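Participant: Before anything else, here's the structure in question.
The values are calculated or read from the model by the stated rules, or taken from the named source; none is laboratory data. No experiment lies behind these values; they were computed from the predicted model shown. Using ideal geometry, Cβ is built from the backbone for each residue, glycine included, and neighbour counts are taken over all protein chains shown.
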Amino acid sequence: MFFGWIGWLVLAGIVLLVVLFIIKKRNAAAKRTPDPDGVPEVPGWPIIGCIPALLRKDFFLDVQLFKKLGPIVRAKSPMGVFYIVSEPELAHEIMLKRANEFINHPKQSETINKVFDLTEMLTVVRDGIWKRRRRMLSPSFHWKSIQPMLEYFSTHTNILVERLLELPDGTRVDMDDWLARMTLDVIGATAFGTDFHALREGSEVSKAAKVITTDFQKSGARFLLFLPYWEKLPIEGLQAPLRAFRRLKEIIAEVTKMRQSLPPEERPHDLLQTMLDAKDEETGQSLTQKEILDSVFLFLLAGQDTTASALTWALYELSQNPEAEAKLVAEIDSILGPDGVPTPENINDFHWAEQCVKETLRMHPSATLTNRDNNEDVEIQGKIYPKESHFLINIWSMHYDPEFWPEPKKFDPSRFDEEHKNSKSLLRAYLPFGAGPRGCIGFRFALAEAKICLILLYQKLRFSYEEKEKAEPMGFAGSKPKNGMPLVVHHRK
Ligand code: HEM
């Protein structure tokens, strides 16, 4: 195929940037305390290091490999060295017991966030600035603040249910896509204060949001993000999300301005409003416009696809496990009947629905990995790790460790029965929302949204999976289903 001189020029530019990047990384590494000796390593190749191993689709799920190598394993790549932690007790030490020494995420993401101008996101800010921001955002996610938002979850799930009921009984649809649109509408309504209409015709704003949350995640262009000056590359896969970000920023600016002109009694009870009203309990300061804007983006990035993926897999697992499905339907029928609605008063009665969500997140954690770096040189298990080492917490393999989860490939929501509440498995080896002070701020929001969605879907519908091949995760570090989620929708009689 004729590549064209512009193509060659772009390719040469990319190669040059890769070389410059590797040289910069090596120079920076040479100035640090050396990495400790004697840490087991992921087998790798010269220059490209462990990249071939990482590209193995089930690498992070390889419980036996990590058990054989040890609780902490070094992996070298052209992007740098990182340490994979796959042992629950050590993860607990890093994320909880010694959280003060490991309070930040590694800095790499800053290059991306500077271009998108998202430098104030909670996941990016460090140390004292993170503490202040987290303190100010936390009340937005207290149960008291979330209760009025349950209505948004119901409203948008009901639109989804209506749309599915409009289809003839027995229609096969991609539920991954439908649920992504539903969770997009929920984040639109609660964080952007805007109806995205993603479940109906799909507005211009919802299309921009989809570019960022879905299209960009699937595009190969995202692998170029580590390059310096990537934003200058004339590649549509990189330019489209930049344009989408600019458009969404304009929307947030317009909505927040409009909110300030509303009388207090007319202001909605949503995430955006709780942020506009937030006051730092220590200083009395409010969040700045930029802090709010960056937080809204973070909620879109961290809260939409994650919840959609959990729901998609829940439907799949329930389609494969008729007993668990029957128990869910019985719970819904006994608490709500055919026309009741979930409310703040009854939502905590749906124990089985909650257990189904939790077990889904064990088998299919939306975030398979999380990370931490250390503020100073630290000692772990007798070895000194230099300041700002990159620790990758392998959530996925812990969730499949047979020592904690007998028959780990079996979908069994009873693992989360009341009697197991204080089990070692739950307290140590279950990390779908991370752990410690840096754990997921939105976990109550996500659990409530997922529960309400499951309840309202199964109140009217059932789903069966009729494909020849079993559904599979994308692999590498991604647990999202590889080929969407084709499910046949049945109306409940
Ligand atoms: C099923 C859905 C979700 C899953 C599985 C999930 C998972 C996670 C995980 C694993 C982390 C990293 C925690 C750590 O490193 O210890 C995280 C952080 C975060 N999540 Fe979630 N999340 C979900 C939904 C949400 C929602 C709905 C929101 C907001 C609306 C949200 C906002 C955040 C934020 C802001 C952080 C960064 C916290 C910080 O750095 O202080 N997440 N999430």
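Participant: Filter the range 289-314 down to residues that are more than 8 Å from the ligand (Cβ to nearest atom) and among the aromatic types (Phe, Trp, Tyr) and give me whichever is nearest to residue 279 (Cα to Cα).
Facilitator: Top of the filtered list is 297.
Participant: Still on this structure, please answer the following. Filtering the range 259-274 down to residues that are surrounded by fewer than 19 Cβ atoms within 10 Å (Cβ to Cβ) and touching a residue at least 40 places away in the same chain (Cβ under 8 Å), which residue is farthest from the ligand (Cβ to nearest atom)?
Facilitator: Among residues in the range 259-274 that are surrounded by fewer than 19 Cβ atoms within 10 Å (Cβ to Cβ) and touching a residue at least 40 places away in the same chain (Cβ under 8 Å), the one farthest from the ligand (Cβ to nearest atom) is 259.
Participant: In the range 201-222, what residues are farther than 14 Å from residue 187 by Cβ and part of a helix (DSSP H, G or I)?
Facilitator: Residues satisfying the conditions are 204, 207, 211, 215, 216, 217, 218, 220, 221, 222.
Participant: Inside the range 15-72, can you point out the residues that are of a type in the set (Gly, Ala, Ser) and closer than 20 Å to residue 374 by Cα?
Facilitator: 28, 29, 30, 38
Participant: Something else: Tell me, yes or no, whether the range 159-168 has at least one residue that is under 17 Å from residue 456 (Cα atoms) and surrounded by 24 or more Cβ atoms within 10 Å (Cβ to Cβ).
Facilitator: Looking for residues that are under 17 Å from residue 456 (Cα atoms) and surrounded by 24 or more Cβ atoms within 10 Å (Cβ to Cβ), one finds none in the range 159-168, hence no.
Participant: Another one. Condition first: buried (at least 20 other Cβ atoms within 10 Å of the Cβ), in a helix (DSSP H, G or I) and within 13 Å of the ligand (Cβ to nearest atom). Can you find one or more residues in the range 275-286 that meet it?
Facilitator: Taking every residue of the range 275-286 in turn, at least one turns out to be buried (at least 20 other Cβ atoms within 10 Å of the Cβ), in a helix (DSSP H, G or I) and within 13 Å of the ligand (Cβ to nearest atom).
Participant: May I pose another question? Give the residue that is farthest from the ligand (Cβ to nearest atom), with candidates limited to residues of the range 158-201 that are out of contact with any Ser or Thr (no Cβ under 7 Å at 6 or more places or on another chain) and among the aromatic types (Phe, Trp, Tyr).
Facilitator: 178
Participant: With 65, 122, 90 as the choices, which residue is part of a loop (DSSP other than H, G, I, E, B) and either surrounded by 15 or more Cβ atoms within 10 Å (Cβ to Cβ) or away from the ligand (no atom under 16 Å from the Cβ) (or both)?
Facilitator: Exactly one residue qualifies, and that residue is 122.
Participant: Can you confirm whether the range 434-451 contains a residue that is at negative phi and in contact with a strand residue (DSSP E or B) (Cβ under 8 Å, 6 or more places away or on another chain)?
Facilitator: Within the range 434-451, one or more residues are at negative phi and in contact with a strand residue (DSSP E or B) (Cβ under 8 Å, 6 or more places away or on another chain).
Participant: Mind listing just one residue for me: the one in the range 472-488 that is under 16 Å from the mean Cα position of the chain (by Cα) and modelled with pLDDT under 90 and, of those, surrounded by the most Cβ atoms within 10 Å (Cβ to Cβ)?
Facilitator: Among residues in the range 472-488 that are under 16 Å from the mean Cα position of the chain (by Cα) and modelled with pLDDT under 90, the one surrounded by the most Cβ atoms within 10 Å (Cβ to Cβ) is 479.
Participant: Residues that are within 20 Å of residue 369 (Cα to Cα): list the strands (runs of 3 or more DSSP E) wholly contained in the range 419-493 that include at least 3 such residues.
Facilitator: Qualifying strands (runs of 3 or more DSSP E): 473-475, 478-481.
Participant: I need the full set of residues from the range 1-41 which are at pLDDT 75 or above and of a type in the set (Phe, Trp, Tyr), in order please.
Facilitator: Passing the criteria: 5, 8.
Participant: Here's another thing I want to ask about it. Can you pull out every residue in the range 419-435 that is near the ligand (Cβ under 6 Å from one of its atoms) and farther than 13 Å from residue 88 by Cα?
Facilitator: If the condition is that a residue be near the ligand (Cβ under 6 Å from one of its atoms) and farther than 13 Å from residue 88 by Cα, then 433 is the only one that fits.
Participant: Any residue that is surrounded by 22 or more Cβ atoms within 10 Å (Cβ to Cβ), touching a Phe, Trp or Tyr at 6+ places or on another chain (Cβ under 6 Å) and assigned to a helix (DSSP H, G or I) - is there at least one of those in the range 344-354?
Facilitator: No, the range 344-354 contains no residue that is surrounded by 22 or more Cβ atoms within 10 Å (Cβ to Cβ), touching a Phe, Trp or Tyr at 6+ places or on another chain (Cβ under 6 Å) and assigned to a helix (DSSP H, G or I).
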